[in-house]
1. Out of curiosity, is T120 touching a Lys or Arg at 6+ places or on another chain (Cβ under 6 Å) and within 18 Å of R55 (Cα to Cα)?
2. Could you tell me whether V119 is surrounded by 21 or more Cβ atoms within 10 Å (Cβ to Cβ) and modelled with pLDDT of 95 or more?
3. Quick check, is T151 in contact (Cβ under 8 Å) with a residue 40 or more places away in the chain and either assigned by TED's automatic domain parsing to the domain that holds M40 or touching a Ser or Thr at 6+ places or on another chain (Cβ under 6 Å) (or both)?
4. Checking the conditions here, which among K68, K82, K74, K38 is modelled with pLDDT of 95 or more, under 20 Å from P97 (Cβ atoms) and among the basic types (K, R)?
5. Might you check whether a residue that is in contact (Cβ under 8 Å) with a residue 24 or more places away in the chain and within 19 Å of P140 (Cβ to Cβ) occurs anywhere in segment 85-100?
Amino acid sequence: MRRKWIGAVVLALALGLVAQVSLADNGHSSDSTVLRFKTMVGDQGPYVGPANAIRGIPGAGSPWSIDKANGTLKQNGDLDVKVKGLIITGTGANPVPTFRAVVSCQSIANGAATVVNRVTAPFPATTTGDAQFQGNVALPSPCVAPIVFVTTGTGDPPAWFSVTGV
């Protein structure tokens, strides 16, 4: 009788552990990192202007360069982007007082592939092109192949200055 009782307790504990792991979404919590980047590329070449927009986001009207960038995007939509030296290549300065970030995802709507772009609120940028954003964006489900842009502080859609890549 005692063995049956111990077996029942062990079985109950095992089932509880399995349920707990299942509720934890197979080990992925809502703050799991979806994208981590340490580079961005400035708007240049054929991407300058609206002709070759990336996921519906047009390039800025002038070539831009960037010294450093890093950031993370979490599964719950928490976004952290930091840029240094994001400037118009020809002038060596940033004339724009605010930037925004855009998270672009491939997603699914009504069974069809679609692009979903989420734009942040404006955040301050220096004339030397330094800026940082920390906040949250409402990611679609699913968010496949996310891309992060740094864009103008206005416009719909905003024009991009830099985008994740090398």
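1. Here the answer is yes, as T120 does meet what is asked.
2. On the way: surrounded by 21 or more Cβ atoms within 10 Å (Cβ to Cβ): no; modelled with pLDDT of 95 or more: yes.
The answer is no for V119.
3. Yes, satisfied.
4. K82
5. Looking through segment 85-100, at least one residue is in contact (Cβ under 8 Å) with a residue 24 or more places away in the chain and within 19 Å of P140 (Cβ to Cβ).
The values are calculated or read from the model by the stated rules, or taken from the named source; none is laboratory data. As the structure is a computational prediction, the values presented were derived from the model and not from experiment. A quick note on method: Cβ atoms are made from the backbone with ideal geometry, for glycine too, and the neighbour counts reach across all protein chains shown.
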